[in-house]
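Read the structure below first, then the notes.
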Amino acid sequence: MRNLLLGAALAFGGTMAQATEYLNVFTWDGYVLPEEVAAVNDILKAEGYDVEVRVLDTLAEGPEQMFDVIRSGDVDVSFLTLNYIQMEGFPFSNLLQPIDVSSPRLGNAQALLPELSEIAMGMSDGGPLYLPFGGGSYGIWANDDVVTEHPSSVAELLKPEWKGRLSLTSGQVQPNVALALMAIGQPPFAVQDASGDRAKIGEMQKADGELQQTMTALHDQVGFFWSAGPEFRDDLAFVASYGPGAAAHVASGGNWSIVNFDEGNTVWLDTINFSKKLDGKKLEAAEIFANYFIGKEVQERIVNGLGMVAATTLVDANPMLDENPEFFAEELFWPPYTKVANNVMNMLSKRASGGGS
């Protein structure tokens with residue numbers, strides 16, 4: 001028996017030693033294309049890595065869903081929105097490792113926009129838990145085939161004529177609450193700002209309060225809630241989007257444009273993150289993957305194909321940033337919400353959906 005086992009080990013040892021490991025990537029819809037995965041895999045193969053990039057079928061939807069997927073242990077590289085990393089109640093930072101931006105495999109990191117490279121909410125004692133990938137504003141896009149005049153205020157979305165013709169996200173309640181807050185003339189992050197004040201937060205979460213009533217009215221206007229990505233259907237007049245889905249739809253011939261509300265728009269930054277468990281050759285492979293995605297080719301695509309703001313100086317043009325150098329002003333970024341703020345926002349959303357008092 002021992003000789004049989006030895007023979008089997010000799011026969012299969014070479015194969016086992018060369019077994020390919022997978023680098024599992026968890027990302028938002030449209031961020032990682034098959035041809036880009038193939039390009040990175042070609043680089044890895046050429047450099048002698050027995051590691052293959054594989055994008056998970058599950059697409060990112062929001063903080064709670066992303067936390068559940070990442071803590072399952074199946075994710076090596078993720079594309080977290082920056083404010084998730086230190087969000088109370090979802091300790092993503094415990095699942096990630098600092099990124100060595102001086103690694104020889106991360107040469108493109110030197111060209112990243114400095115204002116995006118060390119934002120406090122993405123930092124740890126050991127360094128950044130992220131590489132900036134790209135960003136944009138969260139806004140409402142109008143179907144210009146049916147909307148003759150864009151509303152000037154968020155409150156106008158509540159008009160009877162738009163009932164059933166608005167589409168919002170179901171995966172993230174925070175931007176919906178931000179819209180409701182702006183509709184009543186408050187800052188979009190007012191719940192977060194009040195989370196340390198018991199009297200203020202108590203007022204905001206009242207079942208018969210102004211915010212709850214507005215949140216419920218907003219939900220009543222919704223004809224379709226999207227999860228992984230928005231759908232720009234002909235029966236809809238307004239669709240909430242982070243930009244990429246809308247830009248792709250417009251590029252394919254859709255007649256939609258962003259509504260420039262008097263209240264303005266908040267901004268977000270999506271990032272590349274490494275799992276804490278990554279080490280050795282798989283960590284090196286992750287760096288090679290990330291370097292490709294912060295490189296000129298992919299960054300040009302997210303600007304021109306997804307309508308995003310690039311995170312690097314390597315691109316030929318970065319229109320939204322070129323037009324507004326203060327686009328990424330820190331006070332406009334979605335904050336890392338406290339657990340209290342998240343609980344209140346979830347309660348407001350649940351009530352608005354008819355799911356509790």
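Where a number appears in this text, it was derived from the coordinates with a stated rule and is not lab data. Keep in mind that what you see is a predicted model, and the values were worked out from it rather than measured. Methodologically, a virtual Cβ is constructed for each residue, glycine included, from the backbone with ideal geometry; neighbour enumeration extends over all protein chains shown.
What is the sum of charges, Lys and Arg at +1 and Asp and Glu at -1, for the other residues whose Cβ falls under 13 Å from the Cβ of His249?
-4
Set the Förster radius R0 to 30 Å, insert the Cβ-Cβ distance between Ala39 and Lys281 as r into 1/(1 + (r/R0)^6), and round the FRET efficiency to 0.05.
Working: r = 19 Å, r/R0 = 0.63.
Efficiency for this residue pair is about 0.95.
Report, in deg cm²/dmol and to the nearest 500, the calculated mean residue ellipticity at 222 nm for the chain, where each DSSP H run with n ≥ 4 adds -39500 (n - 2.57) and the sum is divided by the residue count. Please report the intermediate quantities before stating the final value.
Values: 13 runs with 125 residues, N = 357.
Mean residue ellipticity, 222 nm, calculated: -10000 deg cm²/dmol.
About the Cα centre of segment 29-107, what is the dipole size in debye to 20, counting +1 per Lys and Arg Cβ and -1 per Asp and Glu Cβ, all else neutral?
Its charge dipole is roughly 240 debye.
How charged is the neighbourhood of Phe26? Take every other residue with its Cβ under 9 Å from the Cβ of Phe26, and add Lys/Arg as +1 and Asp/Glu as -1.
Values: positive: none; negative: Asp74, Asp76.
Summing Lys/Arg as +1 and Asp/Glu as -1 gives -2.
Put a dot 7 Å past each Cα toward the Cβ at Asn324 and Ala199; how far apart are the dots in nm?
3.5
Return the aspartates and glutamates within reach of Lys281: Cα separation strictly under 13 angstrom, same-chain partners fewer than 8 residues apart disregarded; answer none if there are no such residues.
Glu21, Glu47, Asp50, Glu52, Asp76
Whose amide H sits under 5 Å from the amide H of Trp256, counting only residues 5 or more places off or on another chain, with H placed in the peptide plane?
Long-range HN contacts for Trp256: Asp144.
Please list, in chain and number order, the residues 5+ apart from Met308 or on another chain whose amide H is under 5 Å from its amide H, with Hs placed from the backbone.
So Met308 has HN proximity to Val303.
Projecting each Cα onto the charge dipole of the chain (Lys/Arg +1, Asp/Glu -1 at the beta carbon, about the Cα centre), which of Val267, Leu113, Gly62 comes out farthest on the positive side?
Positive-end residue among those listed: Gly62.
Using Cα centres only, tell me the gap between segment 178-223 and segment 248-324 in whole Å.
30
Taking the Cβ of Asp262 as the centre, find all other residues whose Cβ is under 15 Å away and add up their charges (Lys, Arg: +1; Asp, Glu: -1).
Values: positive: none; negative: Glu149, Glu156, Glu263.
After counting each charged neighbour, the total is -3.
Let me spell out the model: positive unit charges on the Cβ of Lys and Arg, negative unit charges on the Cβ of Asp and Glu, origin at the Cα centre of segment 222-333. What dipole size does that give, in debye rounded to 20? All intermediate terms of the calculation are to be shown ahead of the outcome.
Working: 7 positive and 17 negative charges, 134 e Å.
The dipole magnitude comes to about 640 debye.
Evaluate the distance, in nm, between pseudo-label points positioned 7 Å from the Cα of Glu52 and of Lys296 along their respective Cα→Cβ axes.
So the label points at Glu52 and Lys296 sit 3.1 nm apart.
Could you rank the peptides 309-319, 115-125 by their average count of other C-beta atoms within 10 Å per residue, with the highest value first? Show your work: numbers first, answer last.
Details: 309-319: 19.4, 115-125: 16.3.
Order by mean packing, descending: 309-319, 115-125.
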